[in-house]
Structure formats: structure tokens, C-alpha cells
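Computed from the coordinates by the stated procedures, all read-outs in this text should not be read as laboratory data. The structure presented is a predicted model; accordingly, all values stated were derived computationally and were not measured. Note that we place each Cβ from the backbone using ideal geometry, even for glycine, and neighbour counts take in every protein chain shown.
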Amino acid sequence: MKVLVSGAAGFIGFHLVRRLLRDGYEVVGIDNMNDYYSPQLKTDRLHEVGIDSAIADYGVMLPSKSHSALRFMVGDIADRVLVQNLFATEHFDMVVNLAAQAGVRYSLENPFAYVESNVVGFLNILECCRHNAVKHLVYASSSSVYGSNSKTPFAEQDSVDRPESLYAATKRSDELMASVYAKLYGIPATGLRFFTVYGPWGRPDMAPMLFAEAIASGKPIKLFNEGRMQRDFTYIDDIIEGVVRVLAEPPVKGEDNRPHAIYNIGCSSPVMLDEFIAEIEQALNRKAERVLMPMQAGDVERTFADTTLLEQRFGYRPQTTLHEGIGRFIEWFKSYNSKK
């Protein structure tokens, strides 16, 4: 089975590529390698799977030096012609779309990047799945679609019509577009609402990495909403286990005659930021200097995933405790930074 993974140099994409290779899939990765955060980290992830992106020209397919079943291309899913040619040439069985402009706060500064990647780019993926008989499209949504919902835990049937950021609005748009394409063209599609993911090779713009870097260097940590924030932190290996289980079982047509499904994917056990920081402090054997800040626009106080549907359908249950996950994350963090 041949799988396209878009956003393959990203945090979740990189880990998914490694898992798919281990499970015997043929994998093609694509990523635009943008500079929203350090492209060096993306390059280093690719090196881990044998891709020398330093010599990659746009639109040129590179074979992995360590995995015969992996190839990678620098390319943008918003580039319609490139994506059409890629699908026509490769004949993918399945697609996992993880390419997106990420970040809630950055969407306040650069809104056009979100529409180009998360809406236009996703439309290109949908159109190519439509015209190339793709058996299953799995795509990344986000817990941010729940916006300011006060009811917790967040369940898939809850209202998602009041997003708090443009990022959240684009992710909800993806869900609606996928649902329409499933109805009109019978494309089996599954959206995954990711909750806060952390672990080795994580994004430097997200709280776990920001906290670890600040504590390790003796710099203060900014705690928004004066630290009264809870997040459903989920370790990366547990996320990937959920993704591969979902990928292997496309949805079937239900009462609404569309093969489309949406699932929360998280730990279903939110923790206070202070507890999360305390685990990092312990792992680094250093204390953090906390600076209390007001709530930022676009943020929400609490995320909490109801994963009942995913558990019932796929037997998904996260296995990694916060203590174990932070320990593995900090072990990687120390090793990676020692090589810089």
C-alpha cells in the first residue's frame, strides 16, 4: 500500500512516516519546508529517515538513503499543478494530510498563510483524491475547533460554530469540505481533532519546547491567563498509534450517505500547566522562573478530549503517562541540543 504523507517534515508527520515504514507501507512525503519555525529542525528530522533535504530542489523526488520504501519531495500542497502531477504519477492508495499552517497566535499576524495552506491546499488534496481513486483520506483537524465551549470534555457532537481564531476556522472548514466531498464523490475521509501533542522532535513554538528551553537556559516562562490553563497533553507515540489504526479502516456510508468520520484524538486527561512544568523541572533538575501574563487573544483556558468514539471504534487508549512522556522528551531534548 502506498501512502502520501503531506507535512512529512513536521512533528507528527515525521513520526508517522517512521511508523508507516516500520509497518511495511510504501511512503511518499511532501513538505514545503517553510520558516514558520526553524527549517533546520525539519531538515534534521528528514535526516533521521535518510533524506538529504539540503540538496532538494522544489518538486524533485528524493529517495531515502536508509529506507527503500521512502521518497520525499519539497513542495507545497497549495501548488495545484504540482499536487495534480504528483497524484497522477504516484497512484496513492491512501493519503494522510498533515500539511498546514499551524499556530493559533500566528494566525492573528499572517492570516493569508492559513487560507492558502489550510483551505486552498486542502482543496487541492480533496480534488486529487476525487480524481485518483484514493481509498482513504485521513486529515488533521484540531481541538481548536471547539473554541470557547464551556462544556468539557469536548465531544465530537458538540457545537463547533464559534471558533476563537482563524486557525480554528480553517480547520473547521477542512472538516466541512471533506464531508461534502465524501457525500458528492464517495471519498472515504476521516478527520482527527488533535489535542496538544508533545514528545521528541516536537515543534519549538509549542509550550513543551518553549518551557524546556527556558528552564534549561535559566530564562523566565510566560504563563498566560496567569497560569490557569489546562491542556490535554498527549504523547506523540500514542497519537501515532491512533492515526495508523484509523488509516487502516476507512469509514463507510452511514445514515447521511457519506463515508466521513471525525474523531477526537488525545489523552483524555487534562493537566494544569504548572503540573506539566513541574515534570519538566524534575527531568531537567532545574527550577523555572514563572511570569504570570493575561489571557491572549485566540487562546482557550482548557482542552479536554472525550475519546469515547475512538476507543469504541478502534480500541484506542493512550498508554504513556505524563511522567514517562516528559522523561522521554527531555532525554531527546538534552541529546539534540548537545549536538548543536
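Extension gain for Q312 to V60 (0.36 nm times residue separation, less C-alpha to C-alpha distance): 86.5 nm. Each principal axis of the Cα atoms in segment 72-192 has its own extent, and those three values, largest first, are 47, 31, 23 angstrom. A crude spin-label estimate for the pair N132 and Q319, with each label 7 Å from Cα along the Cβ direction, gives 3.3 nm.
Here the residues L70, L86, L137, ranked from fewest to most Cβ neighbours within 10 Å of their Cβ, fall in the order L86, L70, L137. Cβ crowding within 10 Å, taken as a proxy for footprinting-reagent exposure, orders T152, T308, T190 from fewest neighbours to most as T308, T152, T190. In segment 1-85, one over the average inverse separation of all distinct C-alpha pairs is 12.6 Å, which is the Kirkwood hydrodynamic radius.
Evaluating 6.51 cos²θ - 1.76 cosθ + 1.60 at θ = phi - 60° for every residue in segment 18-25, the Karplus couplings come out as 4, 5, 4, 5, 4, 8, x, 7 Hz, glycine and proline recorded as x.
With the biggest extent put first, the Cα atoms of segment 301-340 measure 43, 27, 17 Å across the principal axes. Of the cross-linked pairs K65/K222; K65/K334; K65/K253; K222/K334; K2/K42, those separated by over 30 Å at the C-alpha level are K65/K222; K65/K253.
Seen from a random direction on average, the alpha-carbon convex hull of the chain projects onto 16.0 square nanometres.
In a fully extended conformation the segment linking A248 and N285 would gain 9.2 nm over its present Cα-Cα distance, using 0.36 nm per residue. Once the chain from D35 to S68 is taken as fully extended at 0.36 nm per residue, the excess over their C-alpha distance is 9.0 nm. To the nearest 0.05, how large is the calculated FRET efficiency for Y185 and A88 if R₀ is 22 Å and r is the Cβ-Cβ distance? Taking R0 as 22 Å, the efficiency between Y185 and A88 is 0.80.
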